[in-house]
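The values are calculated or read from the model by the stated rules, or taken from the named source; none is laboratory data. The structure displayed is predicted, hence computed values, not measured ones. Cβ: placed from backbone, ideal geometry, glycine included. Neighbour counts: every protein chain shown.
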Amino acid sequence: MTLSIIDFGAGNILSVMNAFEAIGEEPVLVSTPEALASADRLVLPGVGAAAAVLEELRRDGMDEALREAVVDHGRPLLGICVGMQVLATTMLEFGETAGLGWVSGETRDIRDLGSPRAPHMGWNQVVCGEVETPFHRELNNRSFYFCHSFAVTGTPADITVASAFYGSELTAVLGFGTVLATQFHPEKSQLDGQKLLEAFVDWTP
Amino acid sequence: MLQNRIIPSLLLRGRRLVKGTGFAAHRDAGNPPTTLRAYAAQKADEAILLDIDATSQNRGPDLETVRLAARECSMPLTIGGGISSEEIAKDCLDNGADKICLNSSALDSPDLISACAHRFGSQAVVVAIDVVDEAGVVSLYDHRAGQVLPGHTWLDWLAEVGDRGAGEIRLMNVNREGGRQGYNTNLLDAARTRCDLPIILEGGAGTLDHLSEAMERGCDALALGTMLVFSDNNIIQVKRFLKNAGHPIRL
């Protein structure tokens, strides 16, 4: 099985690599559509501004290759932080940008959503809602490391798997099709993060 | 709810950890990867690793140490020391740092804050502000010169750092470092009038009660060095004490 981490030249790619290696995986970095197409399982990490991440993804057709691999061929995808936000329709960050639009919803400043401050930085507990998820045991009431000023909102209720409270309910986990997406950073969340990564690696949706 | 953070702050010198008092008198404090592995197992919420010789030797942090440390650090890792350019910052991030910490280089060229925030995102940019508090008169401190910086108002600098896109502040009370007389929470109260970012308070932790008092006064992120390094305290005990005292703490 090839576990591929999409590399768009920004941020903590090595943290994601380290975390998967710590659970015995041998992740590879991919930065071309061809390399992406040969992945059995994908991780879309993301730090920084969503618009910049989108620009990198759209360069050379990585976004289309990702859609083919995940939506058409059903390869499992883990989106992390901005790697979750870009899946929404609209990003309201430094103006309005079109997201990948895999799910309806938009990314907003958390202060507009009722959070006292931005960024929401630190460990927060995640609570699962009514939606059934194969990751319930790894998610519900566990603490993960968050670090973000924007959050996804307005997504359909049947894909919103878990939330975290910071002045208001913030979307913490989305799940749909073969996609698991987390606003928090499992790769920086010690044991609870490791267990979630293990569950993702074992997941056959 | 969001939990308060307990953050070990580690000083690096010649690939070994050291700890001192008032930015001097450093003693050996162990091996970086081994120590970080232990702190991760004890559920430290983050870690800060500062190469204290980097600035004076006109270089960035020791990347080999960063790389080895990052492999053991299953929580966010902030790296600082001599980060005087975007390229050095990128080297740190590429070697496993999650955030970089700017200090004197930000004072020299405030544009570095904006440049790093733009390129790596604000969440990756911590700015350290060192101050001394002499009977309530708080001044910015320059660790290179070993003295206060005349002509700078620390609160103005704090506000500017925020405006330039820093994602987090590490506020160090230099004359309490290693002194174990408790945190100076007056600094946090003053800082909160000018800055809405997360603020990590550092300098002076000596007893468990000091940590609890600081949290009662509103600190939600505390860095500690001496108290972990040269005492019987470990992070598990520290966090359990704070949790029992009623603070939001992840165990």
- Residues in the stretch B:64-82 that are over 16 Å from B:Glu168 (Cα atoms), outside any loop (DSSP other than H, G, I, E, B) and touching a strand residue (DSSP E or B) at 6+ places or on another chain (Cβ under 9 Å) total 4
- Query: Just checking, how many residues over the stretch B:121-144 are more than 14 Å from chain A (Cβ to nearest Cβ), touching a residue at least 12 places away in the same chain (Cβ under 8 Å) and over 16 Å from the mean Cα position of the chain (by Cα)?
  - Reply: 6
- Those residues of the stretch B:87-99 which are within 11 Å of chain A (Cβ to nearest Cβ) and of a type in the set (A, V, I, L, M) amount to B:Leu93, B:Ala97
- Can you run down the residue pairs with Cβ atoms below 8 Å, 6 or more apart or on separate chains, where the first is in the stretch B:1-16 and free of Cβ contacts under 8 Å to residues at least 60 places away in the same chain and the partner is part of a loop (DSSP other than H, G, I, E, B)? B:Arg13/B:Ile52; B:Arg13/B:Asp53; B:Gly14/B:Asp53; B:Arg15/B:Asp62; B:Arg16/B:Asn31
- Across the stretch B:205-251, the tally of residues that are out of contact with any strand residue (DSSP E or B) (no Cβ under 8 Å at 6 or more places or on another chain) and within 14 Å of chain A (Cβ to nearest Cβ) stands at 5
- Message: From the list A:Ala172, A:Ala151, A:Ala164, exactly one residue is closer than 19 Å to A:Pro76 by Cα and either within 14 Å of chain B (Cβ to nearest Cβ) or outside any loop (DSSP other than H, G, I, E, B) (or both). Which is it?
- Response: A:Ala172
- Return the residue satisfying two criteria in turn: it lies in the stretch A:91-107 and is without any contact (Cβ under 8 Å) to a residue 60 or more places away in the chain and hydrophobic (A, V, I, L, M, F, W, C), and of such residues it is nearest to the other protein chains (Cβ to nearest Cβ). A:Phe94
- Task: Taking the residues in the stretch A:26-54 that are in a helix (DSSP H, G or I) and away from chain B (no Cβ under 13 Å) as candidates, determine which candidate is farthest from the chain's Cα centre (by Cα).
- Result: A:Glu34
- Considering B:Ser114, B:Ser84, B:Ser105, which residue is within 14 Å of chain A (Cβ to nearest Cβ) and of a type in the set (Ser, Thr, Tyr)? B:Ser114
- Residues of the stretch B:104-131 being at pLDDT below 95 and within 20 Å of B:Arg176 (Cβ to Cβ), which ones? B:Ser104
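How many residues does the stretch B:122-148 hold that are out of contact with any Asp or Glu (no Cβ under 9 Å at 6 or more places or on another chain) and not basic (Lys, Arg)?
So the count comes out to 12.
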- Within the stretch A:91-102, can one find any residue that is of a type in the set (A, V, I, L, M) and either in contact with a Pro (Cβ under 8 Å, 6 or more places away or on another chain) or within 30 Å of A:Leu191 (Cβ to Cβ) (or both)? no
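So if I check each of B:Leu11, B:Leu2, B:Leu36, which one is buried (at least 17 other Cβ atoms within 10 Å of the Cβ), more than 14 Å from chain A (Cβ to nearest Cβ) and not charged (D, E, K, R)?
B:Leu11
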- What strands (runs of 3 or more DSSP E) lie completely within the stretch A:56-106 and have 1 or more residues being more than 20 Å from A:Phe144 (Cβ to Cβ) and of a type in the set (D, E, K, R)? A:96-98
- Could you figure out which of (1) within 12 Å of chain B (Cβ to nearest Cβ); (2) in contact with an Asp or Glu (Cβ under 9 Å, 6 or more places away or on another chain); (3) under 25 Å from B:Ile100 (Cα atoms) isn't true of A:Ile23? (3)
- Task: For residues that are of a type in the set (D, E, K, R), within 14 Å of B:Gly81 (Cα to Cα) and part of a loop (DSSP other than H, G, I, E, B), tally how many sit in the stretch B:34-54.
- Result: 1
- Which residues, taken from the stretch B:189-206, are under 21 Å from B:Asp45 (Cα atoms) and out of contact with any helix residue (DSSP H, G or I) (no Cβ under 8 Å at 6 or more places or on another chain)? B:Pro198, B:Ile200, B:Glu202
- Task: Take the stretch A:108-140 and flag every residue that is away from every other protein chain (no Cβ under 14 Å), farther than 28 Å from A:Glu198 by Cα and in a strand (DSSP E or B).
- Result: A:Arg108
- Note on the structure: The correct count of residues that are among the small types (Gly, Ala, Ser), part of a loop (DSSP other than H, G, I, E, B) and either without any contact (Cβ under 8 Å) to a residue 24 or more places away in the chain or more than 14 Å from every other protein chain (Cβ to nearest Cβ) (or both) in the stretch B:148-204 is 6
